[in-house]
Structure formats: structure tokens, C-alpha cells
Amino acid sequence: MIVCKQCGHHNEDSDTFCGSCGKFLEWTGERVVVAQPEPEPPAPEPEPEPVKLGLIDRVRQAVGIEETATQPAATVEPEPVAAPPIVRAVPVTSAAPTPTSPRVGGDVPASVPAPSFASPVAASAPAPAPVLAGVGAPVAAAPVPAPVAAADEPISRRPISVAPTTARPRSAPRALEAPTRRHPGDLICGQCGEGNDPVRHFCRRCGNSLDEALAVRLPWYRRFFNRLFGIRTREAGWRPHRVGPPNVLGLVWRVIRLALVALIVVGLLAFLLVPGFHNLVVDRATSTFTTIRKAVHPNYEPVTPIGASASTAVAGHAPMLAIDGYSNTYWAALASDHAPVLVVRFSGLQDIAAVVIRSGSSGSAPADAANLQPRPHLLHLVFSNGYATDVTLNDDTTQTQSTFLEDGKARQVSFVEIHVVSVYAPAGASTSSVAITEVEFRTKN
């Protein structure tokens with residue numbers, strides 16, 4: 001543990017900067033070593049058991065003829081080795097030839113110098129004054145030359161004395177290493193990428209401020225499984241505290257969740273590996289999706305009739321003109337027909353969801369004006385499956401009105417009977433009892 005002397009914050013041993021004040025811990029930190037418990041004293045060694053003497057040894061002790069124990073040999077100390085005597089070399093000068101010295105060819109014999117033996121100690125010691133052989137007076141040594149004083153140098157080139165100081169050791173440069181920790185909830189430093197505890201204000205690695213640092217977030221699948229299985233991130237030193245009876249509902253809920261996960265896994269494997277189950281799931285899913293789409297956002301498609309008939313019809317305005325798809329033709333019943341009926345047939349069984357009726361007459365002739373012919377007001381629709389409903393039309397300028405039927409009522413229909421119950425009176429005398437320009441049917445898809 002490293003304690004910051006600036007603010008007293010406790011930091012980990014691997015931290016470089018203080019987590020509270022951001023100071024450099026090598027300058028302001030003090031490493032605190034946790035005191036280790038003292039080791040227990042070793043157990044005393046058991047005393048050796050006395051040696052049991054045999055019968056012969058006891059007899060010897062009683063008689064007094066015990067063998068004397070061997071006395072330990074005296075330690076012989078090595079004698080000091082005397083240092084070799086120092087032999088000093090004595091130079092011998094050449095002397096006059098002695099009578100015993102032979103002459104050869106009149107040459108003067110060269111003087112034979114006496115051999116000198118010098119020890120290493122003598123070589124290192126200062127040489128004594130030489131002594132002539134046979135003469136006790138010492139010979140003066142050669143004079144030693146005095147050191148030559150250096151020439152005077154300018155003051156700018158003379159060395160300046162500096163007071164010695166204690167040099168602070170410089171730490172070696174650190175190479176940028178990869179982040180050492182990334183735990184959920186850690187604050188990520190934007191400068192070095194190191195993960196820090198959420199309570200820190202400065203990065204534990206580079207000392208950068210963590211005010212704008214982002215927290216580590218688990219990926220979505222890990223969050224999903226953690227929530228599904230009830231896995232939570234606990235703080236260091238957390239222990240469960242159970243109060244009261246055991247949580248039976250929590251255990252049951254966890255078993256249910258595990259069972260659901262197992263069913264999902266088995267179903268997914270069956271969907272991928274079993275073709276029959278795959279087709280069944282696809283058909284059910286498509287049908288369910290279509291039903292929901294029809295209820296939320298239905299699409300209405302036209303249904304084309306194959307024929308039409310009526311109770312009566314005016315010449316030139318047959319019933320088929322009411323389903324021909326043109327807006328300038330119409331069906332008109334005779335003026336003597338007080339309950340006209342129009343029957344529309346389909347090619348097969350159809351599910352009818354809406355009916356679109358364009359009432360009144362239409363055309364280019366003056367007699368075909370919309371206000372000169374009676375227009376239907378109340379219609380009674382009867383479908384082939386037995387479903388019947390009334391439709392009330394408005395007498396407006398567009399003369400077109402859509403009517404939506406109840407869902408599922410007009411299903412599997414092969415024909416529809418349109419009974420005209422009442423009409424809007426024309427502006428003048430008319431040759432027909434009612435006029436309908438177009439009738440359309442829609443199915444929901």
C-alpha cells in the first residue's frame with residue numbers, strides 16, 4: 001500500500017499517481033508495509049532418553065574396569081611463517097684489478113658486478129642511498145627535478161569549484177504498456193486507456209483527470225444473460241446476509257427461468273435440424289403475422305364479379321353496366337318497379353370486407369344528369385352465406401360511398417343481392433325508379 005503524503009489517500013502498490021489529488025507517488029508517496037504476525041516460538045526439543053546399559057557394561061562399572069574415554073586430541077596451531085628477509089641491492093663499482101686476476105692479451109678484465117636479489121617489498125619501498133662496497137660512507141642520490149609550475153591562464157579558462165550535491169537518481173523512461181485492468185464500472189482514462197476504480201479522480205497510471213472518463217459497459221448479450229440468470233457484480237468483501245426464512249419464491253423463479261432457457265435452446269435446435277417442425281413454425285408464424293397485419297394495417301383489394309342481373313331494367317341501361325368499371329354508364333330500373341333488386345355473382349367463394357357504391361346516373365346526354373334520376377337512399381344487402389346488413393347512402397355531389405362490413409361476416413360468398421328500400425327523389429319527372437352507376441366489392445388482404 002502507498003499512502004500519499006499530500007492528501008493521505010491510500011493507493012495500491014501498482015499505482016503511479018494518487019487517485020485523490022493526482023500527485024506523483026514516487027515523490028509524495030510513502031510505501032507502508034503491513035505488519036506480519038510474529039512467528040510462533042519453536043517447540044522445545046524433547047530431552048534425549050538416557051542410554052540403557054547392557055549387562056556387560058553394568059558388570060564393568062561394578063568392578064571398576066570401565067574403558068576410559070578417549071581424550072580429544074589437542075588442537076595444533078600452525079606456527080607463524082616468518083616473513084622472508086628484505087634483501088636490498090647494493091651497487092658495486094668497478095675497482096682496480098687484483099693480482100689474482102689473470103690477463104689475457106693485455107686486456108683489462110671487466111669488473112664482475114655482484115648479483116642483486118630484490119624482493120617485491122623492496123621494489124615498492126623507496127630506494128635507499130647506495131653504499132660503496134667496502135666503504136661505509138653513503139653516496140648522495142641524484143637530485144629529483146622540481147615540478148614545473150603551469151603557465152598563468154586567464155580567469156575565464158580556470159576551473160571553478162562547485163560544491164558537491166547529492167544527485168537524485170533518475171527513473172528510467174517507461175514504455176507505454178497495454179491496459180492492465182478493465183472491470184465493469186471502471187473509468188477508462190482517455191489518455192492511456194487504463195481502467196480505474198469509480199471513486200478515483202485521477203488515473204492510476206498516467207495521472208490524467210477522470211472527469212470526462214467513460215465507464216466500462218458490458219456488451220448486450222452479457223447484460224441479457226446476467227439479468228436472465230440473476231448474476232450481479234458484487235463489491236470486494238461482500239457476503240450474503242439472510243434475514244428471515246429462505247427465499248422460496250426466488251428459487252422457484254430461478255428454476256422457471258432455467259427451464260424456459262432450456263426450452264428455447266431445444267426449440268431452436270429442432271427448428272434448425274427437423275424439416276417438419278421448421279415448416280410448421282414458418283406456416284404458423286406467417287399466419288399469425290398476416291392476421292396481425294390485417295387488424296393493424298389492412299390492404300383492400302378489388303373483387304371482380306362475373307355477372308349481374310336485376311328485377312327490371314330500362315332499355316339501354318342493363319344490369320351489367322353497374323359492374324363494367326366505367327363511370328359514364330349506369331343501371332336503371334323501370335319506373336313501375338317499386339322494389340328493384342340487383343344481383344351480383346362471383347366466380348368463386350369470396351370474403352367480402354367492403355362495398356363501394358356510386359349512386360345516380362351518369363352520361364353525356366341531358367337526360368343522364370345525376371339530379372334527374374332517383375338515387376338510392378337505403379339499401380339492404382343479402383349475401384349468399386345468410387349474412388344481411390343495411391347500408392345508408394348520402395346524397396352528396398361525389399355520389400360515391402364506401403361501406404366496411406363486419407370482420408368475418410361476409411365470408412365464402414358467391415353472390416350478393418342489393419335491395420333498394422328507399423331513394424332520393426329526382427328534380428323532375430323520371431323514367432326510372434332508381435339509378436346506380438357502379439358497384440364494387442373489396443376483400444381484405
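Condition check ((1) part of a strand (DSSP E or B); (2) touching a helix residue (DSSP H, G or I) at 6+ places or on another chain (Cβ under 8 Å)) across all residues:
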| residue | (1), (2) |
| --- | --- |
| T389 | yes, no |
| D407 | no, no |
| R411 | no, no |
| V416 | yes, no |
| V421 | yes, no |
| A427 | no, yes |
| E438 | yes, yes |
| R442 | yes, no |
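Of the residues N247, N279, which is open to solvent by 50 Å² or more (accessible area, probe 1.4 Å), polar (S, T, N, Q) and at pLDDT 85 or above?
One residue alone meets the criteria, N279.
Restricting to segment 367-387, and then to whatever is in a helix (DSSP H, G or I) and of a type in the set (A, V, I, L, M, F, W, C), can you tell me which residue is nearest to S430 (Cα to Cα)?
If we take residues in segment 367-387 being in a helix (DSSP H, G or I) and of a type in the set (A, V, I, L, M, F, W, C), then L372 is nearest to S430 (Cα to Cα).
Any residue that is in a loop (DSSP other than H, G, I, E, B), in contact with a strand residue (DSSP E or B) (Cβ under 9 Å, 6 or more places away or on another chain), under 16 Å from F441 (Cα atoms) and at pLDDT 90 or above - is there at least one of those in segment 306-317?
Yes, segment 306-317 contains at least one residue that is in a loop (DSSP other than H, G, I, E, B), in contact with a strand residue (DSSP E or B) (Cβ under 9 Å, 6 or more places away or on another chain), under 16 Å from F441 (Cα atoms) and at pLDDT 90 or above.
Criterion first (in a helix (DSSP H, G or I) and either modelled with pLDDT under 85 or loosely packed, with under 13 Cβ neighbours inside 10 Å (or both)) does D211 satisfy it?
no
Is there any pair linking a residue in segment 347-364 that is without any contact (Cβ under 8 Å) to a residue 60 or more places away in the chain to one that is assigned to a loop (DSSP other than H, G, I, E, B) and open to solvent by less than 50 Å² (accessible area, probe 1.4 Å), with Cβ under 8 Å and at least six apart or on different chains, and which?
From residues that are without any contact (Cβ under 8 Å) to a residue 60 or more places away in the chain, the pairs are G363/T329; G363/Y330.
Specify the residue that is most open to solvent (accessible area, probe 1.4 Å); the eligible residues are those in segment 418-445 that are touching a Pro at 6+ places or on another chain (Cβ under 9 Å) and polar (S, T, N, Q).
Per the criteria, the residue is N445.
Residue by residue through segment 282-299, note down the ones that are surrounded by 11 or more Cβ atoms within 10 Å (Cβ to Cβ) and modelled with pLDDT under 90.
Hits for segment 282-299 are T290, R293, K294, P298.
Looking at segment 388-408, I want the residues that are closer than 17 Å to A425 by Cβ and open to solvent by less than 60 Å² (accessible area, probe 1.4 Å) and have a partner that is at pLDDT 90 or above and not in a strand (DSSP E or B) with Cβ atoms under 9 Å, at least 6 apart or on another chain. Which pairs are those?
Q399/L393
The values are calculated or read from the model by the stated rules, or taken from the named source; none is laboratory data. The structure displayed is predicted, hence computed values, not measured ones. Cβ sites come from the backbone with ideal geometry, for glycine too, and all protein chains shown count toward neighbours. Quick note on the areas: whole protein, heavy atoms, side chains included, nothing else; ligands and nucleic acids left out. Shrake-Rupley method; radii C 1.70, N 1.55, O 1.52, S 1.80 Å.
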